[in-house]
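S.K.: Take this structure, written in structure tokens, and hold onto it; I'll ask about it next.
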Amino acid sequence: MPPPPLSSPGGHPSRRHFLGLSAALTGAVALPSVLSGCGDASASSRPLQFWNFYAPAPNEDPATMARAAWMQDTVDLWNAENDQQIELVYAPVLGSEKLATAFSAGEGPDIFLISPGDIARYLNGDVLAELTPHMTQEAVDDFFADNLATRMIGDRVYALPMEIEPLALFYSRPAFEQAGLSEGDLPATWEDLLSVSDRLVAAGQGGLVFPTAQDYYQNFVWYPWMWQGGGEVVVDSGARSAFDSAGAVDALRLWKDGVDLGLTPRVPPASNDIVISFSEGYASIWQSGIWSIQDFERKAPDFDYGVIPLPVPDGGESATVLGGWAFAANALGSNPDEAARFCAWALGSMDDDGIARVANWCIDSKRDISPRRSSLEYGSQAGGYDSEHMRMFRDEIFPTGRGEPRYPPVIYKAVSDAIQSCQLAGGDPEDQAATAAQAIDAYLTTYEGVDLA
Amino acid sequence: MSTPTTSATEPASRPGAPRATDAGPTGGARSARARRERRAAYLFMAPNLIGLTIFVAIPMLLSIVLAFFRVDGFGGYDFVGFANFERMFADPYFLSSLGRTLLYLLVMVPGLFLSGLGLALLVRNKFPLVGLFRTALFAPNVVSLVVVALIWQFLLTDDVGFIARLLDRVGLTAPSWLGDPAFALPTVMVITIWFSMGYYMLIFLAGLQDIPREYYEVASIDGAGPWTTFRNITWPLLKPTSFFILLTSTIAVMTGGLDLLVILTGGGPANSTTLVIYYVYQQAFVYGEFGYAAAIGSFLVVILLAWSALLFALTKGGRFTHAQ
């Protein structure tokens, strides 16, 4: 049967035909593009995806390029020697939304970066591939045990740290000088910290900066203050909370006093940028991590600043927290065995190249403490810790560190509410500690999962 | 396939129209034409309908279904019945965020309404540079909310921010706009109104342009003042527009502004800006509680549907009484 004529008897297409044809064409064009997202490409031979926030480099900043180059070199070397190829996928804000959504949809990446603050959920979800079978015992022992412990269940390793990032106090030497303070005035106790900050502020200098945003990072930064006074969030292998204790109450009060006395700004200045804040005189003392060394190198290489360990309370013990990200492999990915082997090879090889690779990440691409003894030794011999600040972190701050705890969201939230309430909303530290402890205990009665202590 | 009889219920059923059964061959031709036009109409609507179905209707339906499951975030789904809803009403964080959202709603909807209407009345008449004023007032809408949040964050920085320094020059001490629980939510409200009022101004402006000029001319001849003119002409004839704004601004206030909250305050300080929509985001994407988040989301949908139905009923679908 011949197709109906497209034009009217007069030879011109009628309006109706034209509209009908247009609609049909629109539908025909739109439909495949809409439905194309529903397809499922064959996953059998595709490279494993490695979601990270370093490479491919998102911009041309030299530090960013250096980190991207390390990631790319590592993956290129693996790809040259192995059949199972790996592909780097740049994934900003990997720590939360993107990763959570991908895993929820059953589309989690094969390899990804994870922080201890987030790892409990993944361990409890049984989605991390075990790395231990691909490592020698010598390699496992080469990692600093306390730092590695938060990535383990028993003696099984589920993620390998690529760096250790301890926290300390950074201070501005010009601010101290202008306030008539010398190195001898550097705070060693909490009392000193508040009185020195008070003198700085009274002299028209910037104050003492603690994080104030309500998030995981604030808890992470606050934990060492609690530990210094003997406080703990959970004890007895995670069976009960110990948050309602003098250590936690005192730490809550310290941060509360900082704000109440007008020493700690309620919102960190310069959009939370330590370098601008110091350079412009908006802040004089700032609790931050070892990563800030590179920030100063990049943005204000000539700025004169110092680093000291966190002051301790009377009768307390020096402590800091060790942050840092780790490589993990998805147990539900397309090739979990090879993904796990890659993680172990990249960060846990005991050959010279493997040791140098981890060291180079921590001294060339970044400014971090190496998570392995051998790499720290290698980095030290290579001069990576010769500078005043890197030496201070390696010799005095890092040895007092504890691995970042792995608490589930409910515990994180209880602690966060206590900190926020005391620091910014006039809450009473004792009441808030008791409230948080009750919430944590209530949660622990039904909690089933990895050891939280 | 439709028949001439069924097609008779369509256009031909209008008062005064010839009945299809009386039409004979002419009616059949008209019916075939109507069918073809209907087919064309459906084809034109198809891309939108497909898009809406795939990207709105199905996700909405799945979200409601999800609310009845405990989702572990790693592909595990356990049917839990109404447990997520029961948890919702026993969750002090949710209840406090709901209370905060209602307060936010009570301020924001009238705030957006009055600012939009006020600006529209100001720029409705022709005067020099009126186009520039209209553009300037609408301009924030074309900027990403993320950029808006960052700019305001910069302006509102404690002590050294632009606004703090401005106030300092006139001898006033600025509070911590975003760091003090007493000021954070009001600050978010002001920024949101500043950002959104241009859009509502535009809608009101369109409504005002539809009011015939003759009405105002007659009122002027009769000696009516500005308030009498507004009360007796502008306000009644703007009712359909007002209805639309009331409805859409409520929905926007309840479900929008997440990006602003995430960047500007992160729900803090001390949960003071944790509105329900932020709580949903937090539960789903920070804590991985997708089922619980879906339950709260579904609850929001029910509230908004009820509110919309009530508004439709009270205003007779936005026509009110005078237009009937």
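The values are calculated or read from the model by the stated rules, or taken from the named source; none is laboratory data. This structure is a prediction, so every number in the text was calculated from the model and none was measured. Please note: Cβ atoms are built from the backbone with ideal geometry, for glycine as well, and neighbour counts cover all protein chains shown. Surface areas here come from the heavy atoms of the whole protein model, side chains and all, with no ligands, DNA or RNA. Shrake-Rupley method; radii C 1.70, N 1.55, O 1.52, S 1.80 Å.
S.K.: Kindly compute the accessible surface that chains A and B hide from a 1.4 Å probe when together, both sides summed, and give it to the nearest 100 Å².
M.R.: That pair of chains buries around 3100 Å² in total.
S.K.: Just to verify a number: what accessible area does residue A:98 come out at with the full protein assembly present, 1.4 Å probe, Å² rounded to tens?
M.R.: The value for residue A:98 is about 90 Å².
S.K.: Order the peptides A:366-374, B:196-204, B:73-81 from the highest to the lowest mean number of other Cβ atoms within 10 Å of their residues.
M.R.: A:366-374, B:196-204, B:73-81
S.K.: What are the DSSP H helices in chain B that stretch 30 Å or more along their long axis, judged by alpha-carbon atoms, and whose average Kyte-Doolittle hydropathy comes to at least 0.0?
M.R.: Within chain B the helices that satisfy the rule are B:92-123, B:181-209, B:290-315.
S.K.: Quick one: Cα centre-to-centre distance for segment B:34-50 and segment A:110-166, in angstrom?
M.R.: Taking the Cα centre of each part, segment B:34-50 and segment A:110-166 sit 57 Å apart.
S.K.: For chain A, calculate the relative contact order in percent as a whole number, restricting contacts to Cα pairs under 8 Å that are 6 or more residues apart.
M.R.: The normalised contact order for chain A reaches 24 percent.
S.K.: Nearest 10 degrees, 0 to 90: what angle lies between the long axis of helix A:62-81 and the longest principal axis of chain A (Cα atoms)?
M.R.: In chain A, helix A:62-81 runs at an angle near 60 degrees to the longest axis.
S.K.: Quick check: at a probe of 1.4 Å, how many percent of the accessible area of the protein assembly as shown sits on carbon and sulfur atoms?
M.R.: Here it works out to 60 percent.
S.K.: Probe of 1.4 angstrom, ligands and nucleic acids ignored: what's the accessible area per residue over the protein assembly as shown, in square angstrom? Could you put the intermediate results ahead of the total?
M.R.: Details: 36030 Å² over 777 residues.
Accessible area per residue, the protein assembly as shown: 46 Å².
S.K.: What average number of partner chain Cβ atoms lie no more than 10 Å from the Cβ of the residues making up A:265-277?
M.R.: So the per-residue partner count for this stretch is 4.
S.K.: How large is the helix-only mean residue ellipticity at 222 nm for the protein assembly as shown, computed as the sum of -39500 (n - 2.57) over DSSP H runs with n ≥ 4, divided by its residue count, in deg cm²/dmol to the nearest 500?
M.R.: About -16000 deg cm²/dmol.
S.K.: Checking a compactness column here: for chain B, what do you get for Rg(Cα) / (2.2 N^0.38 Å), N being the number of residues?
M.R.: After normalising by residue count via 2.2 N^0.38 Å, the value is 1.31.
S.K.: Now a separate question. What is the pair-distance distribution P(r) of the protein assembly as shown, computed from all Cα-Cα distances in 10 Å bins starting at 0, with each bin given as a whole percent?
M.R.: 2, 11, 18, 21, 19, 13, 8, 5, 3, 1, 0
S.K.: How big is Rg to Rh over segment A:286-343, alpha-carbon atoms, Rh as the Kirkwood inverse-mean-distance radius? Please report the intermediate quantities before stating the final value.
M.R.: On the way: Rg = 19.2 Å, Rh = 15.6 Å.
That ratio is 1.23, to two decimals.
S.K.: Still on this structure: Starting from the Cα gyration tensor of segment A:368-440, multiply each eigenvalue by 5, take the square root, and state the resulting semi-axes largest first in whole Å.
M.R.: That gives 39, 15, 8 Å for the three semi-axes.
S.K.: Rounded to the nearest 10 degrees, what's the angle between the helix A:216-228 long axis and the longest principal axis of chain A, both from Cα atoms, 0 to 90?
M.R.: 20
S.K.: Between residue B:133 and residue B:65, with labels modelled 7 Å along Cα→Cβ, what's the label distance in nm to one decimal, could you check?
M.R.: My value for the distance between the label points is 5.4 nm.
S.K.: Using heavy-atom solvent-accessible surface (probe 1.4 Å) with all chains present, what is the largest-first order of A:126, A:236, A:441?
M.R.: A:126, A:236, A:441
S.K.: Something else now. How high is the relative contact order of segment A:213-273? Use alpha-carbon pairs under 8 Å, at least six apart in sequence, and give a whole percent.
M.R.: Relative contact order here is 26 percent.
S.K.: Would you work out the relative contact order for segment B:77-318, in percent, from Cα pairs under 8 angstrom that are 6 or more residues apart?
M.R.: On the way: 227 pairs, mean separation 67.5, N = 242.
Here the relative contact order equals 28 percent.
S.K.: Sticking with this one: Shielding by partners for B:70-77, please: the mean number of other protein chain Cβ atoms within 10 Å of each residue's Cβ. List each step's numbers first, then the result.
M.R.: Numbers: counts 0, 1, 7, 12, 14, 9, 3, 0.
Mean partner-chain Cβ count within 10 Å for B:70-77: 6.
S.K.: Quick one: if you stick a label point 7 Å off each Cα along the C-beta vector at residue A:60 and residue A:304, how many nm between them?
M.R.: If labels sit at residue A:60 and residue A:304, their model points lie 3.5 nm apart.
S.K.: What number do you get for chain A when its Cα radius of gyration is normalised by 2.2 N^0.38 Å, N = residues?
M.R.: Compactness ratio reported: 1.19.
S.K.: Roughly what angle does helix A:246-260 make with the longest principal axis of chain A, taking Cα atoms, 0 to 90 degrees, to the nearest 10?
M.R.: Between helix and principal axis, roughly 80 degrees.
S.K.: Quick check: convex hull over the Cα atoms of segment B:101-217, volume per residue in Å³, rounded to an integer?
M.R.: Here the figure is 146 Å³ per residue.
S.K.: What average count of beta carbons from other chains do you get within 10 Å of the Cβ of residues in B:177-190?
M.R.: 2
S.K.: Starting from the Cα of residue A:80, step 7 Å along the direction of its Cβ; do the same at residue A:189; then give the gap between the two resulting points in nm.
M.R.: 5.8
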